[in-house]
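Taking it in order: structure first as structure tokens, then the write-up.
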């Protein structure tokens, strides 16, 4: 700062130093944000409840910095909450759009062994405490505390899904959290998206993954 004040006597030199200082500040800020995002992603992989606190801390700072504005698909700045939510919905749908085309039809139904109570019990016990809850706000500790009753119910539900191929709509709801990749980002593409799903759906997915 002292160097910049001294350089004010030379406008061209002042402009150069001022530009360099701003560049260094932006780089330092971006490095800090990337570090915070990595920490959040590591918490997500470990299903750590600390992730929520970290997200709230960063999100509150970013809302203060940019006011929550986002650009539309055509570059228009959106400021109304309804417009911003609609844009995020549009972006998420495009992001996860299945472009693989029509899936080949099987000649006969593919059947497998039913999901066993022992599989459910092992999967629940393997889930660590302190995990981030999904949209249903049911923590893994509650499922573990309910004991055999919980295991019985969580064995019936996945088997019903497994047999019919139909997943209840409530289980398909995800909470998407957005984090800026760059300071002051207003494009959806310059944000990282993190999704939270219910432990019940996570249970089914883990059992199926273990069978592969």
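The values are calculated or read from the model by the stated rules, or taken from the named source; none is laboratory data. From a predicted model like this one, the values you see are computed outputs, not experimental measurements. When we count neighbours, we look across all protein chains shown, and the Cβ atoms used for this are built from the backbone with ideal geometry, even at glycine.
Numerical summary
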{"read-out": "Within the stretch 169-184, considering residues that are surrounded by 13 or more Cβ atoms within 10 Å (Cβ to Cβ) and free of Cβ contacts under 8 Å to residues at least 40 places away in the same chain, the one nearest to residue 91 (Cα to Cα)", "value": "173"}
{"read-out": "Test set (1) touching a helix residue (DSSP H, G or I) at 6+ places or on another chain (Cβ under 6 Å); (2) within 20 Å of residue 194 (Cβ to Cβ); (3) at pLDDT 80 or above - residue 51 fails condition number", "value": "(3)"}
{"read-out": "Answer residue from the stretch 118-140, given it is under 24 Å from the mean Cα position of the chain (by Cα), surrounded by 13 or more Cβ atoms within 10 Å (Cβ to Cβ) and assigned to a helix (DSSP H, G or I) and is modelled with the lowest pLDDT among those", "value": "140"}
